[in-house]
Amino acid sequence: MRKRMTEGRATGGAAGRLHLTPESLETAYEYLRATLPFRRMNLPHADNLVFRVMGARDRFGHFRGRIKTKPELNEIGVSIRVVKSTDLLMATMAHEMIHLYQHENGSCSRSHHNSEFERIAARVCRIHGFDRESF
């Protein structure tokens, strides 16, 4: 299956700065998808998502359901300006994957972090060692 990604922006090459690419986002997604609790969620394969490196300063990442340019696909974006470590990349990806799960199962609400989100997030943080307060 052909990979479906948008173009990512490379960093300016500063030492010690994480180099994010759509491919690295895809790899993070597939790693987490193979681990608990995500492996039980029946999330789509990475080939069925669009991964975008964005330059936003106001958020770590985003999930967009059924993007306009390719309505059959969902998008996960991660900010290259905010996410500067592997730990933060994995936590951000896990966070957005919960939004994807809720979108796919019709359980998302106007409040993006409803009680189901909070319950799943607590489990994800417990299993993966993410800080629950900042997740």
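Residues in the stretch 61-87 that are closer than 23 Å to residue 105 by Cβ and either aliphatic (A, V, I, L, M) or surrounded by fewer than 16 Cβ atoms within 10 Å (Cβ to Cβ) (or both): 65, 66, 67, 68, 70, 71, 72, 73, 76, 78. Considering the stretch 86-128 alone, what residues qualify as being in contact with a helix residue (DSSP H, G or I) (Cβ under 9 Å, 6 or more places away or on another chain), part of a loop (DSSP other than H, G, I, E, B) and among the small types (Gly, Ala, Ser)? Across the stretch 86-128, the qualifying residues are 107, 109, 111.
Considering the conditions (1) closer than 14 Å to residue 62 by Cβ; (2) in a loop (DSSP other than H, G, I, E, B); (3) out of contact with any strand residue (DSSP E or B) (no Cβ under 8 Å at 6 or more places or on another chain), residue 83 is excluded by exactly one of them, (3). Selection of the stretch 49-80 for residues being among the hydroxyl-bearing types (Ser, Thr, Tyr) and either under 15 Å from residue 100 (Cβ atoms) or touching a strand residue (DSSP E or B) at 6+ places or on another chain (Cβ under 7 Å) (or both) yields only 79.
Name the residues in the stretch 107-133 that are of a type in the set (Gly, Ala, Ser) and closer than 19 Å to residue 28 by Cα, would you?
The first filter runs over the stretch 107-133 and keeps only residues of a type in the set (Gly, Ala, Ser), leaving 107, 109, 111, 115, 121-122, 129.
Those that are of a type in the set (Gly, Ala, Ser) and closer than 19 Å to residue 28 by Cα: 121, 129.
Determine whether the stretch 92-107 contains at least one residue that is over 13 Å from the mean Cα position of the chain (by Cα) and hydroxyl-bearing (Ser, Thr, Tyr). Looking through the stretch 92-107, at least one residue is over 13 Å from the mean Cα position of the chain (by Cα) and hydroxyl-bearing (Ser, Thr, Tyr). Per the listing 52, 57, 40, the residue uniquely among the basic types (Lys, Arg), in contact with a Gly (Cβ under 6 Å, 6 or more places away or on another chain) and at negative phi is 52. Among the residues making up the stretch 37-60, those that are surrounded by fewer than 20 Cβ atoms within 10 Å (Cβ to Cβ), touching a helix residue (DSSP H, G or I) at 6+ places or on another chain (Cβ under 9 Å) and not in a loop (DSSP other than H, G, I, E, B) are 39, 47. For first residues located in the stretch 17-44 and under 19 Å from residue 86 (Cα atoms), partners that are polar (S, T, N, Q) and at pLDDT below 95 and lie 6+ apart or on another chain with Cβ distances below 6 Å form the pairs 17/11; 19/11. Among the residues of the stretch 61-80, write down those that are in contact with a Lys or Arg (Cβ under 7 Å, 6 or more places away or on another chain) and not in a loop (DSSP other than H, G, I, E, B). The answer is 74, 75, 77, 79. Of the numbered conditions (1) in contact with a Phe, Trp or Tyr (Cβ under 6 Å, 6 or more places away or on another chain); (2) closer than 21 Å to residue 65 by Cβ, residue 125 fails exactly one; give the number of that condition. Of the numbered conditions (1) in contact with a Phe, Trp or Tyr (Cβ under 6 Å, 6 or more places away or on another chain); (2) closer than 21 Å to residue 65 by Cβ, the odd one out for residue 125 is (2).
The values are calculated or read from the model by the stated rules, or taken from the named source; none is laboratory data. On a predicted model such as this, the values are computed, not experimentally measured, just so you know. Methodologically, a virtual Cβ is constructed for each residue, glycine included, from the backbone with ideal geometry; neighbour enumeration extends over all protein chains shown.
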